Amino acid sequence: MTQRAPLDSALPVALERISDGFLAYDRDWRFTYLNRAAEEYFGCSRDELLGRVAWDVFPASVGSEAQGHLLRAAQGGVPVEFELLTPVKQRWVAFRTYPSPDGLAVYFRDVTEQRRAHAALDESEARFRAVYEHSGESILLTDPDGHILAANPAARRLLGRTEAEICQLGRSGLVD
């Protein structure tokens, strides 16, 4: 029978391997742990941060939105999730905070690219919607089986029916 490594030794190994940032503060806001990804994000080595008070190391964070969320999590004793645009790096970061009697653990991930992709998709959908709604040509959105999913205003005017009526009829009810 193989012997398992205790969780206490496995956890730091796992935290070092994740690509997202993870750090822990004690009740006095001193850094007690940072993984490699957190070091890279902050641009500081672990040795520079461990044992130091977060607000002393990063004074610009005092009074910030991030500090407010962290304090709320620590004082409320409940996990708090939030996203914000970091003022220094101008990157969107998603945070998950987990309070404990010893302090606060914080998991964070850069979500800038996901936000950009979502914004591009929203913009594309808005362009499609504008073409669809304002086209002088009739447009029916259908599936391969002939069900009509939507009819633009030009199609409704041409057919003299509501969108619900057109959808109920389907392609076979409209096309000979």
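Solvent-accessible surface of the chain, taken per residue with a 1.4 Å probe and all protein chains present: 67 Å². Answer with a single label: of [x] 18.7; [y] 13.7; [z] 12.5, which was calculated as mean projected area of the Cα convex hull in nm² from the structure in view? Given [x] 18.7; [y] 13.7; [z] 12.5, the structure-derived one carries the label [x].
Look at the alpha carbon pairs under 8 Å that are at least 6 residues apart: their mean separation over the length of the range 118-176 gives a relative contact order of 26 percent.
Once the Cα atoms are used to define both axes, helix 163-174 deviates from the longest principal axis of the chain by about 60 degrees.
Comparing His147, His69, His118 in a Gaussian network model of the chain (Cα springs below 10 Å), the most mobile by mean-square fluctuation is His147. Taking the chain as a Gaussian network, where each spring joins two C-alpha atoms under 10 Å apart, which residue of Val53, Val78, Val13 fluctuates the most? The residue with the greatest mean-square fluctuation here is Val13.
Among Ala120, Ala130, Ala38, determine the one that fluctuates most according to a GNM of the chain built with springs between C-alpha atoms less than 10 Å apart. So, out of Ala120, Ala130, Ala38, the one fluctuating most is Ala130.
Apolar share of the accessible surface for the range 62-145: 55 percent from carbon plus sulfur atoms, 1.4 Å probe. Per-residue ellipticity at 222 nm, computed for the chain from helices alone with -39500 (n - 2.57) per DSSP H run of at least four residues, works out to -13500 deg cm²/dmol.
Each Cα pair under 8 Å and six or more residues apart adds its separation to the average, and for the chain the resulting relative contact order is 14 percent.
The values are calculated or read from the model by the stated rules, or taken from the named source; none is laboratory data. Computed from a predicted model, the values in this text were never measured in an experiment. The protein model used for the area step is the full one, side chains on, heavy atoms only, and it has no ligands, DNA or RNA in it. Shrake-Rupley method; radii C 1.70, N 1.55, O 1.52, S 1.80 Å.
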